[in-house]
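Trainee: Here it is, the structure, as structure tokens.
The values are calculated or read from the model by the stated rules, or taken from the named source; none is laboratory data. Just so it is clear, the structure is predicted and the values come from calculations on it, not from any experiment. For neighbour counting, all protein chains shown are included, and Cβ atoms are generated from backbone atoms with ideal geometry for every residue, glycine included. Protein only, heavy atoms only, side chains kept; ligands, DNA and RNA dropped before computing areas. Shrake-Rupley method; radii C 1.70, N 1.55, O 1.52, S 1.80 Å.
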Amino acid sequence: MIEIKHRYTGAVICTGVDTLTAVQDAVRNNVSLDGANLEGANFEGAYLARANFEGANLARANLARAYLARANFEGANLARAN
């Protein structure tokens, strides 16, 4: 079981068996991933429409072929993300 935490406060945002499952469950349940620390996560081919990644750390994340319609990346760190 993994915990996805806020990048600044350390508060747990969501949990899951792996990062992808936790994030997809959060998106399905309209849980904001605002400020989440998702550095290096692999979201290749994931369905993440309408996800709120505002201020999240997605540095070095793999977003190849992910479905990101209406996703919010305002202020997110996407350095070296694919």
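Trainee: So what's the net charge close to residue 38: Lys and Arg +1, Asp and Glu -1, counting the other residues with Cβ under 11 Å from its Cβ?
Mentor: It works out to a net charge of +2.
Trainee: Heavy-atom accessible area per residue, the chain, 1.4 Å probe: how many Å²?
Mentor: Counting only protein heavy atoms, the per-residue value for the chain is 56 Å².
Trainee: Could you list the GluC sites (Glu not before Pro) in the chain that lie in coil according to DSSP, counting only those with at most 14 other Cβ atoms within 10 Å of their Cβ?
Mentor: Hits after loop and neighbour filter: 44, 74.
Trainee: Quick check: net charge around residue 76, other residues with Cβ under 14 Å of its Cβ, Lys/Arg +1 and Asp/Glu -1?
Mentor: Computed value for this residue: -1.
Trainee: So for the pair residue 74, residue 44, with labels modelled 7 Å out along Cα→Cβ, what separation do we get in nm?
Mentor: For the pair residue 74/residue 44, the computed spacing is 3.2 nm.
Trainee: Please grab the % of Cα pairs in the chain that end up more than 20 Å from each other.
Mentor: Beyond 20 Å sits 17 percent of the P(r) for the chain.
Trainee: Then there is this: Taking K and R as +1 and D and E as -1, what net charge do the other residues with C-beta under 10 Å from the C-beta of residue 54 add up to?
Mentor: With Lys, Arg at +1 and Asp, Glu at -1, the neighbours total -2.
Trainee: Let me ask something else about it. Using Cα pairs under 8 angstrom and six or more residues apart, how large is the relative contact order of the chain, in percent?
Mentor: About 24 percent, as a whole number.
Trainee: Could you give the dipole magnitude of the chain about its Cα centre, charging the beta-carbon of Lys and Arg +1 and that of Asp and Glu -1, in debye to the nearest 20?
Mentor: 160 debye
Trainee: Where the accessible area of the chain is counted over protein heavy atoms with a 1.4 Å probe, how much of it, in %, is carbon and sulfur?
Mentor: Exposed carbon and sulfur together represent 45 percent of the surface.
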